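Only one structure is covered here, and it is reproduced in the block below.
The values are calculated or read from the model by the stated rules, or taken from the named source; none is laboratory data. What you see is a predicted model, and the numbers here were worked out from it, not measured in a lab. We place every Cβ from the backbone using ideal geometry, glycine too, and count neighbours over all the protein chains shown. Side chains are part of the model used for accessible areas, which takes the heavy atoms of the whole protein and leaves out ligands, DNA and RNA. Shrake-Rupley method; radii C 1.70, N 1.55, O 1.52, S 1.80 Å.
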Amino acid sequence: MTNPPVDIVREFPDTTWADNGPTRGVEAVVEDGMVLSFPTLPFVLAEDERRFLDESWTDGHAKNISVRWPTGDLRGAAGSAADLDALRAMVVRYAEQSEAFALRLFPHYRGTLRRGNTSFRPVDVAGRETSWRKDDTRLHVDAFPSNPMHGTRLLRVFCNVNEEGKPRKWRVGEPFVAHARRYLPSITRPIPGSAWLMNTIGVTKRRRTEYDHVMLQLHDHAKADLEFQKDGPQAHVNFAPGTTWVVYSDQVLHAAMGGQHMMEQTFYLDVEDLQRPETSPLRTLERLLHRPLR
Ligand SMILES: [Fe+2]
């Protein structure tokens, strides 16, 4: 059986992260659930940084090396103090370049876009050992059990920095509204008192709203549905080395099928600060369910 087609990747010709690049004011494209792809926008490593393209720099616990903001602390890496300083500087440079880039692409978000963690992922996707719920080779929208978002958007800037020609292989899926319609009939209401209890005993970092509950159920229902994973609407996308791509990962169905050596910057944006808040997962779900979710 052939999968219904999905056509959500839009390519742009930028070759610089700086303010003089050609693409700007494309909020409507990303808010519509498109993947903005820049096939000629590499994150350039200094000669001395190329040694970091190796799994051995992880500390053995985390699969990602990351810089946490606002402190700027490096996490998940092991090495000498001088090595870790150099590694941290590389990741921080990615944070700064991708932030300047995002604010050029989306000037409407100036003053409201918040910088989340920056990560360097040196580990091959194929080698990850996970449960079905953590298996990111299955199509899903991003939602996290311990970290309720309350509707806040997750904007991500990725760049494939592999030097062996390995593409970052993704699958992408159906529009969010179609995805919500597919699973909303089978989503149950949260158990009364459960959000309070999970927050009290520390399962969640703050109270889980009904929005978070529905998003987690969408994430889990999709990953558990093998028929949907195999025969649902989807497209394979290969992001070649030197490609940067930008996506709302709480809205775009995605799965990481392969690849190694990637940079990633997360940004947060409140729904009200979107150019068109009605395109958000929160407002879409509220429209479909006819009630507020937070
Ligand atoms: Fe994801």
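General observations
- Gain on full extension, evaluated as 0.36 nm per residue between His150 and Glu55 minus their Cα-Cα distance, stands at 30.8 nm.
- Taking Cβ atoms as reference points and 9 Å as the exclusive limit, the residues near Trp57 contribute a net charge of -3, counting Lys and Arg as +1 and Asp and Glu as -1.
- Cβ-Cβ FRET estimate between Arg207 and Asp124, R0 fixed at 22 Å, reported to 0.05: 0.05
- Value of Rg to Rh for region 67-162, rounded to two decimals, is 0.98; Kirkwood radius and Rg both from alpha-carbon coordinates.
- Contact order relative to length of the chain, as percent, for alpha carbon pairs under 8 angstrom and 6 or more apart: 32
- Distance in nm between pseudo-label sites at Thr200 and Ala28 (7 Å out along the Cβ direction from Cα): 5.0
- Principal-axis analysis of the Cα atoms of the chain puts helix 81-105 at an angle of about 60° to the longest axis.
- Stokes-Einstein translational diffusion, region 1-136 - Kirkwood Rh over all Cα pairs, 0.692 mPa s, 37 °C, in µm²/s: 189
- Principal semi-axes in Å for region 142-286 [√(5λ), Cα gyration tensor, largest first]: 28, 18, 15
- Nearby lysines by direct alpha-carbon distance to Lys230 (threshold 28 angstrom, same-chain neighbours under 8 apart not counted): Lys63, Lys134, Lys166, Lys169
- Radius, Kirkwood style, for region 207-294 when every pair of distinct Cα atoms is counted (Å): 15.6
- Of all accessible heavy-atom area on region 118-248, the percent that carbon and sulfur account for (1.4 Å): 55
- Excluding ligands, DNA and RNA, the accessible surface per residue across the chain is 45 Å² with a 1.4 Å probe.
- Region 21-118, relative contact order in percent, only Cα pairs under 8 angstrom and at least six apart counted: 35
- Accessible area of region 29-92 belonging to carbon and sulfur atoms, whole % at 1.4 Å probe: 52
- Averaging the sequence gap over all C-alpha pairs within less than 8 Å and six or more residues apart, then dividing by the number of residues, gives region 68-190 a relative contact order of 21 percent.
- Using the average count of surrounding beta-carbon atoms within 10 Å as a protection proxy, the listed peptides 235-241, 284-290 rank, highest first, as 235-241, 284-290.
- The angle separating the long axis of helix 210-224 from the principal Cα axis of greatest extent in the chain is about 80 degrees.
- Environment charge at Gln275 (Cβ cut-off 9 Å; Lys +1, Arg +1, Asp -1, Glu -1): -2
- Trp69 paired with Ser131, simple spin-label distance in nm, labels 7 Å along Cα-to-beta-carbon: 3.1
- Placing dummy labels 7 Å off each Cα toward the beta-carbon, the span from Glu227 to Arg181 is 1.8 nm.
- Computed over region 254-294, Kirkwood Rh from alpha-carbon pairs, angstrom: 13.0
- The order of the peptides 65-76, 114-125, 39-50 by mean Cβ neighbours within 10 Å, most packed first, is 114-125, 65-76, 39-50.
- Convex hull volume of the C-alpha atoms in the chain, normalised per residue: 141 Å³.
- Positive minus negative residues near Pro13 (Lys, Arg vs Asp, Glu; Cβ under 15 Å): +1
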